[in-house]
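Rule-based calculations on the coordinates, nothing more; no lab input. Remember, predicted model here, so these are calculated numbers, not experimental data. Methodologically, a virtual Cβ is constructed for each residue, glycine included, from the backbone with ideal geometry; neighbour enumeration extends over all protein chains shown.
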């Protein structure tokens, strides 16, 4: 299994991997890739195919993810536009393989959306994931791939905003429900995953418990290093399972080191930024948080977007030392990776 830790300049420049797909998450506004209904799509598709050929030819990567978490497009945009995206995706696959025949080329799929349990309104929320998994595996089957790649951030599934809710610690079945419905012996990859190691707090969350009044600092996602370690332990145990042993090609953890300090992740800066010494540490981080709150509405969502990957690192932000247990687990499989 190849290992990588994403995030920060060094790991983002990993020479073994390339991400070349169009953005296909929920922020796409459901772009129409069908040239019959959207004449512009012809030029867009041609330009992207040229980009893929050029970038894959120049970088010569071992792995090429040509459509990141592409099933989120299906969930957001529906089947009517999915067929055109599949057709385009297969063209992208062919372009990447033509540029570098030895590359392992694939799209990635978001696990919570495959399970139909991404939030409180998802079709299989609060019940068996099996019907959703079966339907979604069938829907993605026409996309060409050299392996099956999944992204998984279990901590963010179905966030309800309950204060101080303990982080999940038992993950049995989470990926097995998906993997069991794949072709036997198909190669596998964790395209991206991670787990916060510090509780994420936001200001002015709209569903406070009794006596919780803004601008209190609301614990939106509770977490610890031990909780993150439990998730990584689950993934390692899965890779060692006799059913899946030898099939894993890649595990990518987000990220090599935290991009936010622990105290910033846990702080909501309830005072105005001007209350801190100008250009001091608190002033700078407060200003960054406030900029995100102004860029996204409602403000708490912008703050959450900034922080949701903030402390997923194998190493701490402050001193770049390996985190207890989490770092040891990582190094046990890949001494040179972090």
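Take the Cβ atoms of residue 297 and residue 80, set R0 to 30 Å, and the FRET efficiency comes out at 0.60. The slack in the chain from residue 233 to residue 319, taken as 0.36 nm per residue of separation less the alpha-carbon distance, amounts to 28.5 nm. The helix-only estimate of mean residue ellipticity at 222 nm for the chain, built from DSSP H runs of length n ≥ 4 each weighted as -39500 (n - 2.57), is -11000 deg cm²/dmol after division by the residue total. Footprinting exposure proxy ranking of 312, 72, fewest other C-beta atoms within 10 angstrom first, gives 72, 312.
In percent, what relative contact order does the chain have, based on Cα pairs under 8 Å that are 6 or more apart in sequence? The normalised contact order for the chain reaches 17 percent. Peptides 256-265, 96-105, 131-140, 196-205 ranked from most to least packed, by the mean per-residue count of other Cβ atoms within 10 Å: 196-205, 256-265, 96-105, 131-140. Label-to-label distance, residue 44 versus residue 119, with points set 7 angstrom from Cα along the beta-carbon direction: 2.2 nm.
Altogether, the Stokes-Einstein calculation at 37 °C and 0.692 mPa s, with the Kirkwood radius of the chain over Cα pairs as Rh, returns a diffusion coefficient of 154 µm²/s.
Between residue 58 and residue 94, residue separation times 0.36 nm minus the direct Cα-Cα distance comes to 11.3 nm. When a/c is below 1.5 the answer is rounded, else prolate if a/b is larger than b/c, else oblate, so apply that to the range 191-331 with a ≥ b ≥ c taken from the square roots of the Cα gyration tensor eigenvalues. It comes out prolate by the Cα gyration axes.
For the pair residue 226 and residue 287, a Förster radius of 51 Å applied to the C-beta separation gives a FRET efficiency near 0.95, rounded to the nearest 0.05.
Placing dummy labels 7 Å off each Cα toward the beta-carbon, the span from residue 141 to residue 102 is 3.4 nm.
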